[in-house]
1. Can you tell me the 0 to 90 degree angle between the C-alpha axis of helix 384-400 and the longest principal axis of the chain, rounded to 10?
2. Can you classify the range 15-149 as rounded, prolate or oblate using the Cα gyration tensor, where a ≥ b ≥ c are the square roots of its eigenvalues, rounded means a/c under 1.5, and otherwise it's prolate if a/b beats b/c and oblate if not?
3. So for the pair Lys232, Glu74, with labels modelled 7 Å out along Cα→Cβ, what separation do we get in nm?
4. Need one number: nm distance between label points at Glu142 and Lys367, each 7 Å from Cα along Cα→Cβ, rounded to one decimal.
5. What residue among Thr163, Thr316, Thr364 shows peak mean-square fluctuation when the chain is described by a Gaussian network model with Cα springs under 10 Å?
6. Can you send over the carbon and sulfur percentage of the accessible area for the range 264-400, probe radius 1.4 Å, protein chains only?
7. Straight-line reach only, C-alpha to C-alpha below 21 angstrom: list the lysines that Lys367 could link to, leaving out same-chain residues fewer than 8 apart.
8. When the helix-only estimate is applied to the chain (DSSP H runs of n ≥ 4, each -39,500 (n - 2.57), divided by the residue count), what is the mean residue ellipticity at 222 nm, nearest 500 deg cm²/dmol?
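The values are calculated or read from the model by the stated rules, or taken from the named source; none is laboratory data. Predicted model, so just to flag it, every value in this text is computed and none were measured. All Cβ positions, glycine included, derive from the backbone under ideal geometry; neighbour counts span all protein chains shown. What goes into the accessible areas is simple: the full protein's heavy atoms, side chains included, and nothing from ligands, DNA or RNA. Shrake-Rupley method; radii C 1.70, N 1.55, O 1.52, S 1.80 Å.
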Amino acid sequence: MHESANHKPATKVIHAGQHPEPVTGAVMPPIFTSSTYVQESPGKHTGFEYSRSHNPTRYALERMVAKLEGSRIEEHQDPSCGGFAFASGLAAISTCLELLDAGDELVAMDDLYGGTNRLFSRVRARSQGLNIRYADLADIGELERALTPRTKMVWVETPTNPTLKLVDLRAVVKAVRARAPGALVCCDNTFASPINQRPLEHGCDIVMHSSTKYINGHSDVVGGLLVCSDLKLCERLRFLQNAVGAVMGPFDAYLTLRGVKTLAVRMAAHNASAMTIARHLEKHPGVERVVYPGLPSHPQHALARSQMDGFGGMITFFIAGGLEPARRFLESVRIFALAESLGGVESLIEHPAIMTHASVPPATREKLGIGDGLIRLSVGIEDPDDLIADLDRAFALAHAGRSPAAATR
Ligand code: P1T
């Protein structure tokens, strides 16, 4: 084992929770595709029985992310150190909700990824009878008013998707412990990545990732993760991962482990480029407002500085003029790909109201400020000068009212 809890993140992403494969000494874990493992005598086995329950390739990824998030569970206590990998981010959230009983109270951030909102409101409110209250958790007073002694889970996203609101995790944990002792605080850390923010360090109980995004980083795997640092909770999640069965497959676990090795260098590039681009957009006459946690103009910039080690690759901005310029802008970019998702090495651009957050009811979108002029950028690791030139060209076309077809003539 090369690992130490004291290593810096750039060392952890290479070594944490990893060891050579015991038979051959292979440095990278093989892709164990076998669905089952032979037993010497009924019930006498190597610790591996069936691949939904135990898979060495998946364990290697789970241990890595558990260690990156700062789980204190050691491998001799749990084979994946409190990390659990799933077939998608939503499968991870879905399994996490199985910690609750029918009819339990859940308090959730009002601004969430559209698919999370849909799973809560349109699936689990019906099938599990969850009593869900949405509140702006950036306002601790609102959280306190929403909590009751019967609240069993609090679901936080920070920064939020897509309006990049921040939630003070320490303040949330303190309020929950005081008003709803026993409630689990879960944080979707997808936008920050464990390089920029580690919610367990702030007292949260469970961290969730759509590993489709920064953790894998190459837009070629869909996956999800949960991490906890408490052994009792770990046992419950281990039971549920196996009992529900929405596990990540070994090929995806291998690819994601390969991707995560460069997480520290990728995040350094995402953080730096997004900062440069956010500053540029803030000065651009075609932009009404830029939202980026690293800008002093972000209303929670001080919290970003204290809670995060970097501000991430996601930028949200409002284009002057609303829907029509927004549409032309999105049609005009060349390097930024018009696509859902985020967190890959390539830059993506999208329109939340029409794309990722279309499943959020229009009245809620309006309340949250997810308007027609709102554009979301996932800044990749290309040269920021080229990205800025691409955006400037698209602004010129969008505001001249010209279609991209006309512009190429
Ligand atoms: O897509 P999936 O791996 O199932 O993860 C869902 C999810 C959960 N949490 C956050 C914060 C997310 O952003 C996502 C997925 N988001 C997108 C696809 C998107 O473009 O915003």
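1. With rounding to tens, the tilt is 50 degrees.
2. prolate
3. Here the answer is 2.2 nm between the modelled labels.
4. Between Glu142 and Lys367, the label points sit 0.9 nm apart.
5. It is Thr364.
6. So the carbon and sulfur contribution to the accessible surface is 56 percent.
7. Lys165
8. Calculated from helices alone, the mean residue ellipticity at 222 nm is -10500 deg cm²/dmol.
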